[in-house]
Amino acid sequence: MNDLNRKKVIVCGVGFGQFYLRALELLKKEYELVGILSKGSDISLEYANKYGVPLFTDISEALKMAPDLACVVVKSTVVGGSGSQIAQEFLKHKINVIQEHPVHLAELVQNVRLAKSCGCRYILNTFYPNLKRVSDFIQTSHILMKHCAIQYIHATCSIHVLFPLIDILGRITGGFRPWEFKLLNGSNENVPFSIISGNIRGIPLSINVQNEIEPENPENNTLLLHAIDLFTMSGKLTLTGTNGIIVWEPCMNKKLDKNGVFRLDRKDEFLNLPTYEILGNQQEIRFRQMFLEEWTKSIKKSLECFCDLQNEPSKVNNELQYAITATEVWQDLGKILGNAKIIKKYEKAALSLKAETKSKKSLQV
């Protein structure tokens with residue numbers, strides 16, 4: 001691909017936007033970074049110098065670069081930012097936009113309509129389904145569902161990533177309609193989780209949501225991101241965490257003979273099953289590696305998908321309709337949960353239990 005075919009890109013925001021900048025480094029044949037749009041902080045100037053591109057603090061100046069794509073990685077109105085206004089300004093100038101989630105339903109619909117009327121493309125990037133562990137879990141769930149139906153879903157997340165959880169569940173079940181939820185228990189001073197009961201597409205589920213916010217550094221004070229259990233008649237498929245492992249635990253099955261007796265000395269295919277399986281080539285990684293590699297690769301995949309979808313308007317429309325429905329579900333859940341409880345920041349220890357247990361064993365020898 002020559003330079004004439006490379007898409008010119010502006011990245012808006014350098015907080016989470018730094019992962020977009022790293023991903024674009026891996027896609028130099030497809031994309032050319034031509035500028036960064038931000039408020040003009042020292043760190044944004046540092047990134048502009050690093051990548052050898054101009055730093056814009058005025059969107060009108062960024063528009064003069066005539067980009068093919070704007071990656072809007074600035075918080076939207078629903079989380080106290082101007083991301084949607086920035087996205088709409090680019091769309092009005094017929095510039096394609098990838099906007100990072102979450103976005104209020106009304107703004108999302110407005111962005112979709114604006115893109116259509118201006119003859120350009122708009123995609124909402126939900127990020128987490130493209131992470132390697134999450135993507136593998138979704139694919140594995142589809143394999144599982146060819147053999148047995150999901151009987152029940154149990155999921156846990158922080159309020160910060162409730163929208164991606166809904167997105168992941170929708171991609172597992174193939175959609176959302178019909179859905180319904182009710183609040184069983186709200187969070188309180190002693191219990192950080194609100195408990196939601198309901199169903200998606202006829203599958204009963206429960207969701208525990210850590211409905212707490214620490215205002216000074218809200219994304220850094222959470223008990224977890226996501227954990228998901230899919231229960232079937234044959235066993236349970238678990239994603240232990242967004243960056244954890246995938247575990248398959250077959251159900252125990254004790255066949256009885258004609259006398260109603262369980263015999264270990266009889267042929268039984270269930271007895272030959274492992275009690276659990278860790279699926280995929282999942283190795284321990286450091287958080288630094290997670291950020292540098294896996295998070296960057298998720299953005300890379302999103303940018304590749306956007307490039308591939310340029311000539312497939314029907315797929316773009318399907319993805320946007322799915323995003324709109326997912327946002328409806330998310331907002332319904334948000335209304336049921338109510339306002340998040342304000343908390344103080346956590347005291348954390350940089351703890352490796354493997355190291356701790358090794359140390360204890362060495363002392364016992």
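The set of residues in the range 327-353 that are of a type in the set (Gly, Ala, Ser), in a loop (DSSP other than H, G, I, E, B) and open to solvent by less than 100 Å² (accessible area, probe 1.4 Å) comprises GLY338, ALA340, ALA349, SER352.
Within the option set GLY81, GLY40, being of a type outside the set (D, E, K, R), touching a strand residue (DSSP E or B) at 6+ places or on another chain (Cβ under 9 Å) and within 25 Å of PHE291 (Cα to Cα) holds for one residue only, GLY40.
Among the residues of the range 237-276, just one is open to solvent by 80 Å² or more (accessible area, probe 1.4 Å) and closer than 30 Å to ARG288 by Cβ, namely TYR276. Those residues that are surrounded by 14 or more Cβ atoms within 10 Å (Cβ to Cβ), within 11 Å of VAL14 (Cα to Cα) and among the small types (Gly, Ala, Ser), I need them from the range 41-75; list them, please. Within the range 41-75, SER44, ALA48 qualify. For the range 201-225, a tally of residues being out of contact with any Gly (no Cβ under 7 Å at 6 or more places or on another chain) and in contact (Cβ under 8 Å) with a residue 60 or more places away in the chain returns 13. Scanning the range 177-192 turns up no residue that is open to solvent by less than 20 Å² (accessible area, probe 1.4 Å) and either under 20 Å from the mean Cα position of the chain (by Cα) or at pLDDT 95 or above (or both).
Filtered by the rule that a residue be charged (D, E, K, R), outside any loop (DSSP other than H, G, I, E, B) and surrounded by fewer than 20 Cβ atoms within 10 Å (Cβ to Cβ), the range 204-226 gives a lone residue, GLU219. Here the strands (runs of 3 or more DSSP E) wholly within the range 227-310 that include at least 2 residues being touching a helix residue (DSSP H, G or I) at 6+ places or on another chain (Cβ under 7 Å) are 235-239.
When each of GLU89, GLU61, GLU107 is tested for being over 20 Å from GLY40 (Cα atoms), free of Cβ contacts under 8 Å to residues at least 40 places away in the same chain and of a type in the set (Asp, Glu), the lone residue that passes is GLU107. Report, by residue number, each residue of the range 177-211 that is among the small types (Gly, Ala, Ser) and touching a helix residue (DSSP H, G or I) at 6+ places or on another chain (Cβ under 7 Å). Listed by number, the list holds a single entry, SER194. When the range 118-141 is filtered for residues that are under 27 Å from PHE56 (Cα atoms), surrounded by fewer than 19 Cβ atoms within 10 Å (Cβ to Cβ) and out of contact with any Leu (no Cβ under 9 Å at 6 or more places or on another chain), only GLY119 remains.
So PHE90 clears everything in (1) within 24 Å of LEU21 (Cα to Cα); (2) open to solvent by 60 Å² or more (accessible area, probe 1.4 Å); (3) of a type outside the set (Val, Ile, Thr) except one condition, right? Which one? Result: PHE90 fails condition (2) only. Limited to the range 70-122, what total is found for residues that are under 24 Å from PRO215 (Cβ atoms) and small (Gly, Ala, Ser)? Selection size over the range 70-122: 6. Within the range 189-248, track down each residue that is under 27 Å from ARG286 (Cα atoms) and of a type in the set (Ser, Thr, Tyr). Scanning the range 189-248 gives THR222, THR238, THR240, THR242.
The values are calculated or read from the model by the stated rules, or taken from the named source; none is laboratory data. Fair warning: this is a prediction, and the values are worked out from it, not measured in the lab. Cβ atoms come from the backbone with ideal geometry, glycine included; neighbour counts cover every protein chain shown. These accessible areas exclude ligands, DNA and RNA; they are computed on the full protein's heavy atoms, side chains included. Shrake-Rupley method; radii C 1.70, N 1.55, O 1.52, S 1.80 Å.
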